[in-house]
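What follows draws every value from the coordinates through simple rules; no lab data is involved. Everything numeric here is computed off the predicted structure, so don't read it as measured data. Here Cβ is always computed from backbone atoms with ideal geometry, including for glycine, and neighbour counts include all displayed protein chains.
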Amino acid sequence: MRHIHPINEEKCREHYGKPVLIVLKDGGEIVGILTKLDNGQITLNGEATAETNRFRSTKKSSVKRNKNKAKARVSFSPFPFTPNPFGRAIVLDLAFVALLFAFI
């Protein structure tokens, strides 16, 4: 694990899309996928975008599709073929965060 300190957008940006451990000031622990840090809030397990998730592809497929079929969405994640193993999105105020670690 790598300790991320200080907890700011510049330090967290390289860990977007990676699993992290947050230790709260009350001693609680939260594990999830770091999505973004913005306006004093840290988001885990959020919707990935090309800006925040380096594993996601934004290219459109050049294969012709039948108009009646649903469009396929292509994304690359560290956990392929599974829904997010950490659950729903969590947004925490940085005031509650004591320590932040990235799993390497």
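Key figures
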{"item": "Karplus 3J(HN,Hα) series, Hz, for the range 35-44 with 6.51 cos²θ - 1.76 cosθ + 1.60 (x for Gly, Pro)", "result": "9, 6, 10, 8, 6, x, 10, 10, 10, 10"}
{"item": "Relative packing of peptides 28-39, 86-97 - highest average C-beta neighbours within 10 Å first", "result": "28-39, 86-97"}
{"item": "Distance in nm between pseudo-label sites at Ile104 and Arg88 (7 Å out along the Cβ direction from Cα)", "result": "3.5"}
